[in-house]
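Notes follow the structure.
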């Protein structure tokens, strides 16, 4: 089923180079974001004070901007850090959490996309549609079920992803039951993961943080880096679910995902990854 | 021992309607609050930027205000969100963490109670006594042992709870070794839970978040909703404690509580709930 | 191998006196900090609003300042709380996370050290070197490998620690593969712990929070208190690693550390502690 993307190399590069990732992210899932970046081989730093972020970004390899609990101070920090990271040609990822759910989130995400050429933008279908259209409404921070990527609308959604990738010069990652990764020319569909991943908070935020690490370690091939990160996360969810014992539920499942990432090797990833180029 | 409250219906309603809960809460326990809301069937959103909260609250079904790490920005957000939630007749819950421990916490909690008719107010006995009296001192964020609800003072504490419920037109929930839930006319004592729940951070905050979800899903019967949430949490603590293996301690116990909530069904709740109407 | 420090008494004092620890700390690891303070017998309170911290510190026994995600508001709070804690002769601990990595962090840490006589300052070798020299650069929030304390440079690093302890009148704790604890006259090397502790976020922050509790419970002997806290943490890491089952990784390891602290008794600590006075 798999095509020829070298996912093994992508994950090995993370483990070899230990990229430093500067995260301006929400306080809900930040602990898991830090731990999954460490688990995949990177090193996380968190800083969202405008006077601190320029120095912090300067010593890093990637910048992960997540607007999950944005506030005026952290929004300032996003732009200050973004300018510095852009100057330094760092890997830059945007996770537009809740874009479409509030004017401030939509506006902030759109301004960030207008200001910087992100290496990758990762969100659910509602968030990405909002950015692609320039407006929108979402049900909180979850994707609208009516928007979901399915086999029936795969071509149309891939077109949307490619078009937005062409417009932004970014890798566009739309994650859900089926994940899509697109650049201007290609689109890859990924079928790893399990619905249970939607029953805990933070798998999306974790994926964004981890993707930033993969991007920094694979600057020559951000498309493959993004596919590798998404396959790793989905596969970790599958491994975590299979490992659940009777009486174990959501919290243990969440821990086992990070466990699985920390134990993921290139061979496991290559064998377990389920993706196809469309 | 149980009377006739329909706890099964209360939890089933959460799992059927997936209420969206807007949380303005502390950054210590926020991750667990998000996860337990998901585990019980709801969906959490966190936002504490004054310019963001009006939009976020508008798309939600409940507002959970927790003053555990309040600051000037988040206090503003509490009032902005509160006004919007009140206008929309959303379920509103207040968790006055540390009321009595500092002037800012006491004042903020009292102003919130004066400004809004909360559907429910949940705290430990020291926090609720502080609000009922309009002033007070507590030992940090823990209840003063001398204040604890016991069999010896149950009638007096129930009177306090009912009186404060009458004054505020809110359900009053006082949690501790024995929990009390009161409206103006009734008071229910709950004896689920285990002392070990006091050895980890956040069981109170989690209960508040979960209660907000139960309230939103049971707007016609907030009294039963609150009792059902508290019984669920206490029962989850009992299940978690029984599941502990040798060598497992506080962190695993905390995870197992969320596990137990994610696996809790109406039948388990009805059979395990230990409550009595006083 | 062990000398005559009474670690048993130090941990027993924490469990007997339940010191309240006011934490102004980062939002990445705050949940684990709260839980490990509870696990060792203390009680945590978090507050970083300048208008709140004076009241909160007043009811506590220790102040733990961690600059991991400092911002202008929390920096103000650190100084306000610090002045109050100093007036009340509370145990005070500084964790200068990322000192050397940014001007704001370096400056803030140096100003804190200049303003207050901390009972203890705990950091990695890069952070402590930065403070001792008054300037420096570090690789993010991790220690620079070239700086690491090793058997080959133990004498020189101990000299640095003692000299900085003499200058600050604080216990200086430098943690890494080999940990050093120094006052002006003595230096103790600790060899507990496992490299795996560097693969998860927050073991340093947790140690700082726990050390603050140990200091508050052992105000007559802060040197032994600090050694006891560090040995407890390292030993917990060893116990956690040994308990890992196949398929368990980083997240489970992190949970088992807190588990082990919650189960740690004086006898286990005395038998497992590996330290020597240099």
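None of the figures in this text is laboratory data; all of them are computed from the coordinates on show. Please read these numbers as outputs of a predicted model, since none were measured by experiment. Neighbour counts are summed over all protein chains in view; Cβ atoms, including those assigned to glycine, are modelled from backbone coordinates with ideal geometry.
Taking label points 7 Å from Cα along the Cα-to-Cβ direction, residue B:167 and residue C:163 give a separation of 6.3 nm.
Packing-based ranking of A:107-117, B:207-217 yields B:207-217, A:107-117, ordered from highest to lowest mean Cβ neighbour count within 10 Å. For segment A:247-261, list residues with backbone N below 19 Å from a point placed 7 Å from the Cα of residue B:245 toward its Cβ? What the label zone holds, given the 19 Å backbone N cut-off, is A:247-260. Across chain B the C-alpha pair distances fall into 10 Å bins from zero in the proportions 7, 33, 39, 18, 2, 0 percent. Using a 10 angstrom cutoff on alpha carbons, build the Gaussian network for chain A and name the most mobile of A:17, A:203, A:130. Highest fluctuation of the listed residues: A:17. Bridges between two residues of segment C:7-277, per DSSP, are antiparallel at a rate of about 35%. Residue C:246 label point (Cα plus 7 Å toward Cβ) to equivalent points in the other copies: 2.2, 2.2 nm, shortest first. Projecting label points 7 angstrom from Cα along Cα→Cβ for residue C:194 and residue B:155 puts them 5.8 nm apart.
Sorted shortest first, the distances from the residue A:15 label point to those of the same residue in the other copies are 4.0, 4.0 nm; each point sits 7 Å from Cα along Cα-to-Cβ. Along its first, second and third principal axes, ordered by size, segment C:136-278 spans 46, 35, 23 Å in Cα coordinates. Computed from the C-beta positions of residue C:76 and residue B:87 and an R0 of 41 Å, the FRET efficiency is 0.75 to the nearest 0.05. Per residue of peptide C:195-201, the mean number of Cβ atoms on other chains within 10 Å of the residue Cβ is 4. Take each residue of peptide C:254-264, count the partner chain Cβ atoms within 10 Å of its Cβ, and average: the result is 6. Take residue B:73, move 7 Å from Cα toward the beta carbon, and the resulting point lies 0.5, 0.5 nm from the same point in each other copy, nearest first. Among the residues of B:63-70, the average count of other protein chain beta-carbon atoms within 10 Å of the residue beta-carbon is 2. Of A:181, A:149, A:28, the residue with the greatest mean-square motion in the GNM of chain A, using alpha carbon springs below 10 Å, is A:28.
For Cα pairs less than 8 Å apart in space and 6+ apart in sequence, what is the mean separation divided by the residue count of segment B:7-277, i.e. the relative contact order in percent? In percent, rounded to a whole number, it is 22. The share of Cα pairs per 20 Å bin across the protein assembly as shown, counted from zero up to the longest distance, runs 17, 51, 30, 2 percent.
Pick from C:146, C:86, C:158 the residue whose mean-square fluctuation is largest in a GNM of chain C, springs joining Cα atoms under 10 Å. Of C:146, C:86, C:158, the Gaussian network model singles out C:146 as fluctuating most.
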